[in-house]
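Colleague: One structure coming up, written as structure tokens, with questions to follow.
The values are calculated or read from the model by the stated rules, or taken from the named source; none is laboratory data. All figures in this text were calculated on a predicted structure; none of them were measured in a lab. No Cβ is skipped: glycine too gets one built from the backbone with ideal geometry, and neighbour counts run over all protein chains shown.
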Amino acid sequence: MSNRDEQNETTIFKPGEIVPESGIYECECGQHHRYSTDVRGHRFPPPHEGCSGTGWKLMTRAHD
């Protein structure tokens with residue numbers, strides 16, 4: 001695993017930031033809210049309504 005891979009697995013991405021890698025992202029609040037994005041380069045959405053989270057972390061990478 002490269003340093004880039006390790007960083008993306010532990011990095012919290014804020015709403016409005018550019019999605020660096022296509023995949024399934026989970027809200028960092030721990031309530032298992034998920035957001036799937038298929039296209040790298042889109043922006044992260046705000047957390048779901050009623051969610052206490054402030055960002056997203058990569059859970060599953062999309063296949064190339």
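Colleague: Of all residues in the range 34-64 being hydrophobic (A, V, I, L, M, F, W, C) and at pLDDT 85 or above, which is surrounded by the most Cβ atoms within 10 Å (Cβ to Cβ)?
Modeller: Out of the qualifying residues, it is 56.
Colleague: How many of the residues in the range 16-64 are touching a strand residue (DSSP E or B) at 6+ places or on another chain (Cβ under 8 Å) and either aliphatic (A, V, I, L, M) or touching a residue at least 40 places away in the same chain (Cβ under 8 Å) (or both)?
Modeller: 12
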